[in-house]
Each structure stands twice: as C-alpha cells, then as structure tokens.
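Student: Can you keep this structure in mind? I'll have questions shortly.
The values are calculated or read from the model by the stated rules, or taken from the named source; none is laboratory data. What you see is a predicted model; the values in this text were computed from it and never measured. So basically every Cβ, Gly included, is an ideal-geometry build from the backbone, and we count neighbours across all protein chains shown. Just so you know, the surface numbers come from the protein's heavy atoms only, side chains and all, with ligands and any DNA or RNA stripped out. Shrake-Rupley method; radii C 1.70, N 1.55, O 1.52, S 1.80 Å.
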Amino acid sequence: MTASQIAVTLTGIALSGFIAWFFWFAPKGQTRAAAGVGGVQEVAVTVKGGYTPDVIVVKAGQPVRLRFTRQESASCSETVLFPDFSRSAKLPEGEEVAVEFTPDKPGEYGFQCQMGMLRGKLIVE
Amino acid sequence: MVRDPVCGMDIEPRDAAATREHMGQTFYFCSPKCVAQFDADPHQFAPTALTAATAPTPAGSATTGFNPGLSLTRIDLPVLGLKREQDGRGVEAAIRGVPGVRSAHANTGSGAVTVEYDPRRTTTAALAAALRPAGFRAGGAQTRIGIDNLRCTSCVGFIEDDLRATPGVLSASVNVGTQEATIAYLPQQTTLAQLHGVIAEWGYKARPTVSEEPVDKQEAEHDREYRSLFRKFLFAAVISVPVLITAYPQFIPFVRDWSMATLRLAWLGAALLTLPVLFWSGGHFFTGAWAALKHRAANMNTLIALGTGAAWLYSTVAVLFPGLFPAGTSEPFYDVVAVVIALVVLGQALELRAKGRTSEAIKKLMGLQAKTARVIRDGETLDIPVEEVLVGDVVQVRPGEKVPVDGVILEGSSAVDESMLTGESLPVSKQAGDEVIGATLNKTGAFKFRTTKVGKDTALAQIVKMVQDAQNSKAPIARLADTISGYFVPVVMILAVLTFVAWFNLGPQPQLVYALVTSVTVLIIACPCALGLATPMSLMVGIGKGAENGILIRSGEALQTAQAIKTVVLDKTGTITKGKPELTDVIVAGAWAADDLLRLVAAVERSSEHPLAEAIVEGAKARNLVLTDPTAFDAVPGYGVLATVEAHKLAIGNLKLMQREGIGLGTLEAQAAALADQGKTPMYFAVDGLAAGIIAVADTVKADSAEAIAALHRMGIEVVMITGDNRRTAEAIAKQMGVDRVLAEVLPEDKAHNVHLLQAEGKKVAMVGDGINDAPALAQADVGLAIGTGTDVAIEASDITLIKGSLRGVVTAIEVSRATMRNIKQNLVGAFIYNMLGLPIAMGLLYPFFGILLSPLIAGAAMAFSSVTVVSNANRLRAFKPRFSAR
C-alpha cells in the first residue's frame, strides 16, 4: 500500500464514521412548545427543505397547534402527515396552515411529508 | 350615465336592455348578451362595477345592525372552540383588552361573542388578533382573491392594512409569490365585492382565484412547478450537448483533431457552462440538501448535490491544475454534471405530472359542489358565492339547480336526485320539513330551505375531508419502507465512501478516476424516492377509486386489512334485507278478488299505527287501490283489529283473534305455517264472520343481496349471517340467499362476542352492519363496514362506509383493497429490487467478473425514471373497474 492509499483508506473510514455519527447519533436540538392562555401549545413550523424546528416537545393531554408555513414550491413537501394521529394537511405555498390535535399518550411520534423525505419528531412528555 | 359592468360601455339607465340587483347594487346592461354573461357569473363583474364612479356604497347589513353612521358598532364575532368552553371569560377578557371596545359578552351556546366597539378606534381585524394569544380563533368565511400583476412588495403592506381596516375583515395577508390575498372575514359585515374594491383602489385588478378548493390550488401550484422544472430541464439539456462533445472528443469528427491545449480551453468553457446548470437547473438539489443538512438529515437532494458537486469540483481542479494528478487522470467529466441534472429534473417534472392524476377522484367529488346560492336576506334575493352562505340563511332552489348546502325545506316540494352522494338512483321526493343535502340536484319543483350546515360541515365537505385524510394515512405495509428510507441516504453515502476507498486501493489504473466515477455513480443511482413513493401513490389512487364507487375507506390500515378478509359477517336486518316490512302475499280463501280484499284490509290498517299495518297500506297503494275510511274501528291489543268498511265487518289478526271470534280457518292454518317458515309474518282476515284469507308481511331482501353474496363466494370468502330472528326464519332467508352459516337468535349485545368467536377460528373477519345497533360488532371485527344511510359518513365505529346501501359495496370494497394492495406490492418490490441491484452494480461488483461498470449517465437516467415508473404504476389503478359498475 502506498502512502496515499493509506491516507485515503483512513480518511474513508473516518468519513464513514462521521456520517453515521452526524445523521444518527449526534444529539438534536429540541424546541419546546409554548402554551398559550387557553392551554393550547403552539409552535410555528417553517417548511423549506425540512421542518424548522423538526424536534418539537409538547405536554401530553393538552391541545397542540402546529402552524406550518411552506416556503418552497417543490411539490415534495406539499402535504404534512401525522400518521399516528391520522392527521394530514395540505400546505399551499406561503400560507399558514394549522394542524391541531391533542396527544394523550407520552411517546415519540414522527411527522413527515408524503413520501418521507422530510421528517420531524413530536416528543410528547 | 351608468356603466355596463360586462363590456364597460356607458349607457343611460333608462336605455338599459336589462337591470340586475346584485349584492345590494343595481347593474345596468347595454345588451341581452351582457346580461347573459353577468348572470352566468355575477361575481366576476361585480368588483369592476364597484370601482366605477357610479358605484353606491354598499348598505350596512341589517341582520347584524351594523351601521357606519353610529359611533358604536355591535357585532357577533364567531369564535372557534368557544362552544367547548365552560364559560367565555377568557374570550371576553381578551376582547375587552382591545382599546375602543365598550363591551364583550361571550355566548358559549352560540359560539359567538357580542362586541360593541368604536369603529374609529379599532377594527374587526384587531378584535380577531386579540383572540389569538388567548388560544382562540375567530370563525368566519375565508377567501382568496387573486391580484393581477402584483409585483411591488411595498404595496403588499398597504393593501394588507387597508383590507384589515375594512369592517368585518378578521385577517388579511397578501402573498407576492402566488399573487393572492388570503382574507378571513365575516360575510354579514362585508362582501367579496367590497374586498375586491379595496384591492382595486390600489390600482390592481382583482380577479377571482381559480377556485377556493385546495385541490385546484394544488393543481395550479403543480402546474407552475412543472413549467419551472421543465424550463430547468430544457436549459440543462441544451447545455449538455456542447458539454458532451468536449467530454468525448475522440468520437466527434473535427473535434478529435483538436490539440490538447484547445481541448483544455474547451473544458474550461464546459466548466463555466455547467455552472448555471448546477446552480439554476439543479439549484433546488443544493438548497434542499443544505436545508436537510441543517436538520442533520439527508435525502435525495443530498445524494444528487453530492454526486454532481463532486464531479464538477474534481473536473475543475483537474482542468486547472493537471499537474496535481497522475498522468491520464486529469480528464474532466462535466458531462455527468449536465446530463444527470437534466435527467433527474426531467424525471421530477414527469413525476409531478403523473402525481397530479392521482387526486382525480377528489377533484370529481369537489366538482359536485354548487358555486353560487340564491339567498333571501331581509326580503331581498341575492346571488352569492356558496362560501358566503351562513347557517340559518334561507336559500331558494329552482328546478334543475343544485342544492348549494345542507338544510331543511321550509316551503315547496320537489324530487331531488341524490345519486351523486347516496347512490340512490331514483329521485327522492322532498317536502317541507325534509332534509336536503348540498351538491344534490333538484329535479322538478322549486323550494326554499333553511341552511343547517355550510362550508366544512356539509356532508360533501365531510366526505371529501375523510377521503383526503384516508389518502394521506399510512398503510402498515409502508412501515418497513419507511424505516428503511429513514436510514437509506446516510447508508448510501457511506457506501459511496467505501466504494471510493476500494477502487482507489484495488482498482485498475487510473485509480483516482475509477474511484471517483464509481462513488459518484453510487450516489446518483440510489433512489430513496421510489421507496418513499411506492405506498402513498397507490393508496391515493386506490382510496380515491373507492370513493368514486361510493366506498369510503377510512385509512390505509383498513384498506390493507380488507384484502385479507376470509369471512364476512352480514347483519340480516337492514343489511341483507331492506330493514322495513313489505307486503309479500295475499292468499284468498273465498270467492273474493285479491285486490278487493286487499283494499278492504288496507282501509282498516290505515287507521292502525302498527308497523306491519303501514306495510299493508303501502302495498295497497303500490297496486293503485283507492282506500276508503272505515266506519268503525276497534283495536284489540294482542289479537288484532275489528272494523267495518264499506258495510263489511272485518276481523284482521292472529290465530287467537280468529278463535275468539269463532271463525273456522280450514286449510288456511297450514298455509300460514308455510309462510312463517319462509320468514314471513302472516295475518288472518275474515269478512262478515267468514275466513277470507291470509295477508303476509316480511322484511324483504334487497334485490342485489343474493348477487353480492354469490360474488363474495367466488372471491373465496365465507359469508355468515347474524340475526336476532328465530332459527327457522333465519334459515329460510339464509337458504334463499346462499349464506354459508347462520348465527340466529343472537341478542344485539352478543353480536360482538360472536364476531370474536369467528376471529378465534383464525380468520380475518369483516362485519357489515348499519353502524348504529352494530357499532360494538363493527369495532370488534378486523374490518367494520357500515352501510350508510345516505350521507351519514361520520359512522365512527366503521373502517369502511358504504354510502350506497347495497351489499355490492362489500364486494367492491374488497376488490378495491385487493387491487390496491397488489399495486403497492408491485411498487415496493420494484423499488427494493431496483436499489438492491442498482447499488452493487454501481459499486462495480460485476467489474472483476464481467468487466461491467455503470456509467454515471445511465445511473442518472435509471434514477430519474424509477420514481416515474412507481407513480405511473400507481396510476394504472385508475383503470380499476369494479365487478358491479357504480352506476
């Protein structure tokens, strides 16, 4: 093995490790929903190449209102799905659309676009 | 002088060919042609008319007492969610906090808050905004108005402010991107025409948006996106041609004679040419990849951006600094950049086209909605858009018109064709007090009705919502694909890195080039989209197809379970049978004619309130018999009736009555027993003290039940009948219907338990019932199918609702489910195989054995068309035809 081959091999292994860490193991930032006067937990979510914020923490048993605004024309993100709550909403570009439901059981629930390219997580405590 | 709102001509009012009253204004027309155009869509012309110099100020609404002249204004502001509250104190406090508000009284019963405020100091928009922090939202109509040629962003704020200052407007936002204003408003306080007028004051032409329906809006968005993608594709394709020439100079005459120096210059040109391809045609890959990266996520955009980006960077370094690389490795491959982006963008455009067709069913449903309604408010007849109709409005419907929303008839009568919603092919006669359903077609008479449900609450809107939610739900089969696609992209990135290392270490010379090309190919060929699209696209078409055939499938899970059904349990009453007794037999003993006897008997039964009596009267009416009134009538509880009709003394009732009256029955008793064996209810009758015959009544089976049960058999499904009837009656009907198994004498509360017992045999069991008495059994079954009574789609216990009350729907539901699941499996298997084969080949696994190596160009084409194939395959489902055609 030449020196360059060793260098490339080591870099490759390190890069693979980095990719795995970056996408799977690194801790993600969480956003806690703020409860309004009526006890509704509201979060505004921007949809552009992903959901911002994409990890949302809410309390169980209180209504949640997620206000989505899609700021892109790519058709991929035109629908947001909450399969565990059988909720879905069409997100017309530039319009705020609210998705409301009350999670009863604590746990982690995913939300995503129709084909699962964009993903987010709702953590119910 | 006044202005014709259609052609814009100035005319004298007295010379006008016609006039129209619309939204409180009088319009004058120069010719019948203009009137006809106006009548077709008054709303289209009203705004232009408003801006004309002669436009009067629209009068304040008398219904709400709003009058701009008074210093205080009083409005009823509907508040969503207020009805659920214990008291309205939170709402009241929020509203009272707005400066200029004199008083606020919340009424949880009506869900509205009555506000008195000074219109000079505050606006309805401010009131609505004050509700938000308290966790409430103001209800009202929502509309979108298109604004033509809206370019200047600074005008947006002005128009928004003006709209918000308009009385009755709750919120307004203007979107430059879509050139539309979205406005929530109280239809009692303002009209669309006024809103149009506000926009027109800023010198913009307001136009009605394509439609209020999200599906149409989505279609318009798709169309815009498609054209944008196609332009991007064309650009990339055009650039690809010269780039390909420089990439393969050895094959092109004249170019192959270029010197290395010239070629290097040409490559530099290619580098510059491909830059706009990268950042304009393929720009969305990079922005998408970056956005995902910020969320520590990766998707298809990441792969394409990495692949093409790496190819461009390597090529450019190789062209600029050839000395850095071993001899023979400094050749660029800009062709990969241009061609791959062109292909993938084309694939996305085609996919979008195909996707549009998947929501056809919803569009058909929404197309049923009437566009305008003729509302009578304060004695005035107004043609208003259906969105502005309020609960409690009185709406006039003329023959041939659609009923705009749901309501109850106040006066008039008609026959209404409800086939579009209930599948009932014959028009239903309607009188005062009867319910009418929005989107149905009024056939013969004119009537007025009071609206009970509007907007999102109408039966049609609920059906649409239910179908859409189901289309976007998840089938359990998608879970695996979902889990995989969650890990897929990072895995592919790691594979690409390892491929690079392997080729760099073990590959043939020039190793660097091979390593780079193979790893780029790996990045490009992987197609997470095909995996992700496989289930939702088929589900979308399948559930839509169900809806087209009157079958509302509530979720992907219900659809998936329905295909595995092995046993169908049918509730007898109301499911196999009509659920209503009918006259079946008239047996005559003496010299009487059957019709004469029936006439006498029916005349008696007309005075009776027994449910079986009604069946006899209906039966007589069906034979066009004229009924007289009995002169004497005496009901004997537990026995029957004694009466006098047309001077004849009649006795109608059971065996006990005949014995009490001392009437000999002869052979009639045996005949009655035979009828009872067939599941019918026989009644004896005697005329003037002599036995005259038997009349039999039964809950008859629906005409198509036997046919549907036979079809279920052919599909390999066992059919079980469950009923509370006695075994003899049940067996009689079961035999007639061809049912395999009968569960008779089952108490209503035991139905669920019986379903459970069938499940214990290890079969997937579907229960079919009316959804009200059978709710526990429907919930217990693997799939509960409720036979809807018309439009009652909100049957919670059911997984599938059959809105046409026929058992054929069960067959169609299972057929739709089987066809859809087959399609989903094809898609999933196809997508898995594609990636399972594509990735190793791209990595070069075949190279050591066969010398086969995939070109990144072919990888790009394969990737682009794999997702198109998935969507196209889902679209094949649109050709699905049920065994029993819908109508």
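Residue by residue, here is whether (1) closer than 24 Å to A:MET1 by Cβ; (2) free of Cβ contacts under 8 Å to residues at least 40 places away in the same chain holds:
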position: B:LYS456; (1), (2): no, yes
position: B:ALA459; (1), (2): no, no
position: B:ALA470; (1), (2): no, no
position: B:ALA481; (1), (2): no, no
position: B:ALA496; (1), (2): yes, no
position: B:PHE500; (1), (2): yes, yes
position: B:VAL513; (1), (2): yes, no
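Student: Can you give me the number of residues within the stretch B:241-286 that are in contact with a Ser or Thr (Cβ under 7 Å, 6 or more places away or on another chain) and not in a helix (DSSP H, G or I)?
Tutor: Result for the stretch B:241-286: 1.
Student: Taking the stated definitions as given, is B:ALA564 hydrophobic (A, V, I, L, M, F, W, C), open to solvent by 20 Å² or more (accessible area, probe 1.4 Å), out of contact with any Leu (no Cβ under 6 Å at 6 or more places or on another chain) and more than 14 Å from chain A (Cβ to nearest Cβ)? Steps first, please.
Tutor: Working: hydrophobic (A, V, I, L, M, F, W, C): yes; open to solvent by 20 Å² or more (accessible area, probe 1.4 Å): yes; out of contact with any Leu (no Cβ under 6 Å at 6 or more places or on another chain): yes; more than 14 Å from chain A (Cβ to nearest Cβ): yes.
Yes; evaluated as a whole, the condition is true for this residue.
Student: Considering (1) surrounded by fewer than 17 Cβ atoms within 10 Å (Cβ to Cβ); (2) more than 9 Å from every other protein chain (Cβ to nearest Cβ); (3) over 21 Å from A:GLY39 (Cα atoms), say which one A:GLU125 fails and leave the rest.
Tutor: (3)
Student: Restricting to the stretch B:595-619, count the residues that are closer than 17 Å to B:LYS680 by Cβ, open to solvent by less than 40 Å² (accessible area, probe 1.4 Å) and modelled with pLDDT of 80 or more.
Tutor: Of the stretch B:595-619, the ones closer than 17 Å to B:LYS680 by Cβ are B:598, B:601, B:605, B:610-616, B:618-619.
In the following step, the residues that additionally are open to solvent by less than 40 Å² (accessible area, probe 1.4 Å) were identified as B:598, B:601, B:605, B:612-613, B:615-616, B:619.
Adding the requirement that they be modelled with pLDDT of 80 or more leaves B:598, B:601, B:605, B:613, B:615-616, B:619.
The number of residues fulfilling the criteria is 7.
Student: How many residues are within 14 Å of chain A (Cβ to nearest Cβ) and over 15 Å from B:VAL340 (Cα atoms) when one looks only at the stretch B:248-304?
Tutor: Residues flagged as within 14 Å of chain A (Cβ to nearest Cβ) and over 15 Å from B:VAL340 (Cα atoms) within the stretch B:248-304 amount to 13.
Student: Those residues that are under 15 Å from B:ALA439 (Cβ atoms) and touching a Pro at 6+ places or on another chain (Cβ under 6 Å), I need them from the stretch B:373-388; list them, please.
Tutor: Those that are under 15 Å from B:ALA439 (Cβ atoms) and touching a Pro at 6+ places or on another chain (Cβ under 6 Å): B:ALA373, B:VAL386.
Student: Test B:LEU506 against the criterion of being open to solvent by 20 Å² or more (accessible area, probe 1.4 Å), within 11 Å of another protein chain (Cβ to nearest Cβ), closer than 16 Å to B:LEU845 by Cβ and at pLDDT below 90, and give yes or no. It would help to see each step written out before you state the result.
Tutor: Values: open to solvent by 20 Å² or more (accessible area, probe 1.4 Å): yes; within 11 Å of another protein chain (Cβ to nearest Cβ): yes; closer than 16 Å to B:LEU845 by Cβ: yes; at pLDDT below 90: yes.
Answer is yes for this residue.
Results for (1) open to solvent by less than 10 Å² (accessible area, probe 1.4 Å); (2) facing another protein chain (nearest Cβ under 10 Å); (3) under 28 Å from the mean Cα position of the chain (by Cα), shown as yes or no for each residue.
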site	(1), (2), (3)
B:THR499	yes, yes, no
B:GLN511	no, yes, no
B:ALA515	yes, yes, no
B:LYS545	no, no, yes
B:ILE553	yes, no, yes
B:VAL569	yes, no, no
B:ILE576	yes, no, no
B:ILE587	no, no, no
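Student: I need the helices (runs of 4 or more DSSP H) fully contained in the stretch B:559-666, keeping only those with at least 2 residues that are closer than 27 Å to B:LYS735 by Cβ. Let's see the steps before the verdict.
Tutor: Details: elements: B:594-605, B:611-622, B:655-661.
Counting at least 2 such residues, we get B:611-622.
Student: Still on this structure: Which of the residues belonging to the stretch A:18-45 are assigned to a helix (DSSP H, G or I), open to solvent by 30 Å² or more (accessible area, probe 1.4 Å) and touching a helix residue (DSSP H, G or I) at 6+ places or on another chain (Cβ under 9 Å)?
Tutor: The initial filter retains those residues of the stretch A:18-45 that are assigned to a helix (DSSP H, G or I), namely A:18-25.
Cutting the leftovers down to open to solvent by 30 Å² or more (accessible area, probe 1.4 Å) gives us A:18, A:21-22, A:24-25.
If the condition is that a residue be assigned to a helix (DSSP H, G or I), open to solvent by 30 Å² or more (accessible area, probe 1.4 Å) and touching a helix residue (DSSP H, G or I) at 6+ places or on another chain (Cβ under 9 Å), then A:PHE22, A:TRP24 are the ones that fit.
Student: Among (1) open to solvent by 60 Å² or more (accessible area, probe 1.4 Å); (2) under 19 Å from B:ARG296 (Cβ atoms); (3) modelled with pLDDT under 80; (4) within 8 Å of another protein chain (Cβ to nearest Cβ), there is one condition A:LYS48 misses while meeting the rest; what is its number?
Tutor: That leaves (3) as the condition not met.
Student: Follow-up question, since we're still on this one. Output the number of residues of the stretch B:431-460 satisfying the condition of being surrounded by fewer than 23 Cβ atoms within 10 Å (Cβ to Cβ), away from chain A (no Cβ under 14 Å) and of a type outside the set (S, T, N, Q).
Tutor: 14
Student: Shifting gears a bit: List the strands (runs of 3 or more DSSP E) that sit entirely inside the stretch B:410-471 and contain at least 2 residues that are of a type outside the set (Val, Ile, Thr) and under 16 Å from B:LEU390 (Cα atoms). Give the derivation first.
Tutor: On the way: elements: B:414-417, B:428-430, B:447-453.
Where strands (runs of 3 or more DSSP E) fall fully within the stretch B:410-471 and carry at least 2 residues being of a type outside the set (Val, Ile, Thr) and under 16 Å from B:LEU390 (Cα atoms), they are B:447-453.
Student: Could you please let me know if B:PHE233 is open to solvent by 50 Å² or more (accessible area, probe 1.4 Å), away from chain A (no Cβ under 14 Å) and modelled with pLDDT of 80 or more?
Tutor: Values: open to solvent by 50 Å² or more (accessible area, probe 1.4 Å): no; away from chain A (no Cβ under 14 Å): yes; modelled with pLDDT of 80 or more: yes.
So B:PHE233 does not fit the description; no.
Student: Here's a follow-up. Looking at (1) open to solvent by 60 Å² or more (accessible area, probe 1.4 Å); (2) within 14 Å of B:TYR684 (Cβ to Cβ); (3) in contact with a Leu (Cβ under 8 Å, 6 or more places away or on another chain), can you tell me which one B:LYS656 breaks?
Tutor: The number of the failed condition is (3).
Student: Going residue by residue through the stretch B:749-756, is there one that turns out to be at pLDDT 90 or above and aliphatic (A, V, I, L, M)?
Tutor: So far as the stretch B:749-756 goes, yes, one or more of its residues are at pLDDT 90 or above and aliphatic (A, V, I, L, M).
Student: Assess whether B:VAL489 counts as being open to solvent by less than 10 Å² (accessible area, probe 1.4 Å) and closer than 27 Å to B:GLU360 by Cβ.
Tutor: No.
Student: Just to be sure I understand, how many residues within the stretch B:810-869 are closer than 22 Å to B:ASP482 by Cα, of a type in the set (Val, Ile, Thr) and open to solvent by 50 Å² or more (accessible area, probe 1.4 Å)? Give the derivation first.
Tutor: Initial filter on the stretch B:810-869 (closer than 22 Å to B:ASP482 by Cα): B:817-840, B:862-869.
Filter again for of a type in the set (Val, Ile, Thr), leaving B:820, B:824, B:829, B:833, B:868-869.
Narrowing further to those that are open to solvent by 50 Å² or more (accessible area, probe 1.4 Å): B:829, B:833, B:869.
Number of matching residues: 3.
Student: Report the residue count in the stretch A:58-70 for those that are more than 9 Å from chain B (Cβ to nearest Cβ) and open to solvent by 40 Å² or more (accessible area, probe 1.4 Å).
Tutor: Adding up the residues that qualify gives 4.
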